[in-house]
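Asker: So that we are looking at the same thing, I have put the structure below in structure tokens.
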Amino acid sequence: MLHRLIEVIRQIESDPTVRFVLLRGAGEKAFCAGGDLKDVAGAQVDFIRPEYKLDFDIAWLNLKKPFVSVWNGFVMGGGVGLSHASRYIVVTEKTVFAMPETKIGFIPDVAASYFLNRLPGFIGTAMALTGERLLSSDLISAGLATHYVPSHEVGEIILALTSIKIPSGDVAEVRHSLEGVLHRLTERFDSGGQPMSDILRRRKVVDRVFGASTLALILQSLEKEAALDPYFKDLAHRIRSYGPTAVSVTLRMMRKMQDVVRRCGASHSLEAHKAALEMEYRIMVRMLSRNDTKEGVVCLLIEKGRRPQFDPRTIEAVSDEFIESFFHPLTERDHLQGELRLTSD
């Protein structure tokens with residue numbers, strides 16, 4: 001499927017009759033349910049490299065030919081990488097957004113260190129470490145989505161978009177036409193009537209807890225808060241039970257991207273997107289050379305029952321030097337192709 005998508009994007013880029021791109025899930029339950037995590041057990045770096053390049057190519061093409069993504073149902077994993085940079089993202093009351101990779105001893109990737117850091121405060125850090133979920137109203141208020149409709153209206157949105165006639169390929173005119181259609185079909189609906197996620201309802205405490213500099217301090221704060229709210233006991237349990245290397249590297253990854261995201265601003269930035277993918281590629285090369293991810297996938301997604309035996313087994317056993325080694329520039333010794341260098345050419 002990856003190679004087919006690469007070919008389709010190339011055709012779209014070179015076809016002057018294509019004015020915009022519509023992305024939607026194949027069924028009604030999910031845009032992308034993260035089922036690709038099972039493929040990670042046998043993943044090769046040679047797959048990850050073109051995937052990241054495709055994600056970046058889509059973000060770049062979106063500047064010339066706007067993308068409209070309809071996030072109806074679960075939105076997780078690789079599908080987020082393909083669509084989070086879309087000019088317009090439509091969500092519904094069924095939308096559930098998450099990046100739960102640390103559970104299986106992996107990192108949230110496909111530029112997660114970028115788009116999760118765009119969320120307010122330290123919500124993104126908490127999500128990256130725990131796999132916690134956001135709902136439609138959260139995504140709208142945080143700026144990761146642009147429009148809300150009830151799920152029974154999705155068919156009308158898709159019909160209207162696929163029927164629209166835009167005579168000119170001028171980007172401003174295309175955007176104006178799309179915005180007119182989306183506004184007309186969504187203006188009567190208010191995402192504010194939808195429930196707020198558990199994590200955003202506790203944002204003040206979450207920011208204080210997950211703003212700490214180390215996992216040890218985060219866990220210490222979570223344990224204190226757990227005495228007042230069992231929600232935080234659950235978050236602490238997740239971090240403790242997930243891959244120790246994965247959560248340790250993920251926290252460092254999120255911290256390293258914070259300054260880049262803040263410098264680039266709240267709106268989508270190709271510079272920050274590029275930096276995230278190139279950094280995450282370094283991590284991925286090293287993650288895939290280890291057994292933790294395969295162990296997590298087999299135990300939790302395939303056999304479903306056996307407790308993963310991660311190495312190291314505890315967060316306390318993960319040294320700072322070991323964490324930092326995942327971020328070192330790649331050499332041919334790490335992978336024959338070396339560093340990932342993304343361009344918009």
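Asker: Running a GNM on the chain with Cα contacts under 10 Å, which residue among Ile199, Ile12, Ile89 ends up with the highest mean-square fluctuation?
Answerer: Answer for the Gaussian network model of the chain: Ile12.
Asker: Carbon and sulfur: what percent of segment 102-167's accessible surface (1.4 Å probe)?
Answerer: Values: 1060 of 1940 Å².
Carbon with sulfur: 55 percent of the solvent-accessible area.
Asker: Treat each spin label as a single point 7 Å out from the Cα along the C-beta direction, and report the Asp259 to Glu303 distance in nm.
Answerer: Simple spin-label model gives 4.3 nm for this pair.
Asker: What is the dipole size for segment 138-208, taken about its Cα centre, with +1 at each Lys and Arg Cβ and -1 at each Asp and Glu Cβ, in debye to the nearest 20? Show your work: numbers first, answer last.
Answerer: Values: 9 positive and 10 negative charges, 76 e Å.
Around 360 debye, computed over segment 138-208.
Asker: Moving on to the next point. What is the chain's relative contact order, in percent, from Cα pairs under 8 angstrom and six or more apart in sequence? List each step's numbers first, then the result.
Answerer: Working: 521 pairs, mean separation 69.7, N = 345.
Result for the chain is 20 percent.
Asker: Charges at C-beta only: +1 for Lys and Arg, -1 for Asp and Glu. How large is the resulting dipole of the chain about its Cα centre, in Debye rounded to 20? Each step should come with its number before you reach the end.
Answerer: Values: 44 positive and 44 negative charges, 89 e Å.
Here the chain has a charge dipole of around 420 debye.
Asker: Given Lys53/Lys274; Lys53/Lys94; Lys103/Lys233; Lys64/Lys165; Lys204/Lys233; Lys94/Lys256, which pairs have Cα atoms separated by over 21 Å? Intermediate results must be reported in sequence, preceding the final value.
Answerer: Working: Lys53/Lys274 9 Å; Lys53/Lys94 30 Å; Lys103/Lys233 16 Å; Lys64/Lys165 17 Å; Lys204/Lys233 17 Å; Lys94/Lys256 33 Å.
In this structure, Lys53/Lys94; Lys94/Lys256 lie more than 21 Å apart at Cα.
Asker: Using a 1.4 Å probe on the protein heavy atoms, what percent of the accessible area of segment 191-345 belongs to carbon and sulfur? Intermediate values should be presented prior to the final figure.
Answerer: Working: 4120 of 8170 Å².
On segment 191-345, the fraction of accessible area on carbon and sulfur atoms equals 50 percent.
Asker: Another one. Relative to the present Cα-Cα distance, how much length would full extension add between Ala226 and Ser241 at 0.36 nm per residue of separation? Working shown, then result.
Answerer: On the way: separation 15, 0.36 × 15 = 5.40 nm, distance 1.65 nm.
Contour length minus Cα-Cα distance gives 3.8 nm.
Asker: For the full complex of protein chains and a 1.4 angstrom probe, list Lys65, Lys53 by accessible area with the highest value first.
Answerer: Values: Lys65 25, Lys53 100 Å².
The ordering from most to least exposed comes out as Lys53, Lys65.
Asker: Then there's this: I want to verify a result. In a Gaussian network model of the chain, Cα cutoff 10 Å, which of these has the top mean-square fluctuation: Glu324, Glu295, Glu278?
Answerer: Glu324
Asker: Might you report the magnitude of the Cβ-based charge dipole of segment 106-173 about its Cα centre, with Lys and Arg at +1 and Asp and Glu at -1, to the nearest 20 debye?
Answerer: Working: 3 positive and 7 negative charges, 25 e Å.
It works out to roughly 120 debye.
Asker: Return one whole number: the accessible area per residue of segment 302-341 in Å², for a 1.4 Å probe. It would help to have the intermediate numbers written out before the result.
Answerer: On the way: 3060 Å² over 40 residues.
With the other protein chains kept in place, segment 302-341 gives 76 Å² per residue.
Asker: At a threshold of 8 angstrom on Cα-Cα distance, excluding pairs fewer than six apart, so keeping six or more, what relative contact order does segment 49-173 reach in percent? Can you show the working numbers first?
Answerer: Numbers: 171 pairs, mean separation 31.0, N = 125.
Computed value for segment 49-173: 25 percent relative contact order.
Asker: For segment 1-135, what is the accessible area per residue in Å², given a 1.4 Å probe and the full set of protein chains? The partial results should precede the final answer.
Answerer: Numbers: 4940 Å² over 135 residues.
The answer is 37 Å² per residue.
Asker: Now for a separate question. From the square roots a ≥ b ≥ c of the eigenvalues of the alpha-carbon gyration tensor of segment 196-345, which class results: rounded (a/c under 1.5), prolate (a/b over b/c), or oblate?
Answerer: Details: a/c = 1.96, a/b = 1.22, b/c = 1.61.
It comes out oblate by the Cα gyration axes.
Asker: Based on the Cβ-Cβ distance from Met196 to Ser14, what FRET efficiency comes out when R0 is 56 Å, to the nearest 0.05?
Answerer: Working: r = 43 Å, r/R0 = 0.77.
So the FRET efficiency works out to roughly 0.80.
Asker: Can you give the accessible area of Ser319, probe radius 1.4 Å, in Å² rounded to 10?
Answerer: Counting only protein heavy atoms, Ser319 exposes about 60 Å² to solvent.
The values are calculated or read from the model by the stated rules, or taken from the named source; none is laboratory data. Source: prediction; values computed, not measured. Quick reminder, even Gly has a Cβ in these numbers, built from the backbone with ideal geometry, and neighbours come from all protein chains shown. Note: accessible area is taken over every heavy atom of the protein model, side chains too, but ligands, DNA and RNA are not part of it. Shrake-Rupley method; radii C 1.70, N 1.55, O 1.52, S 1.80 Å.
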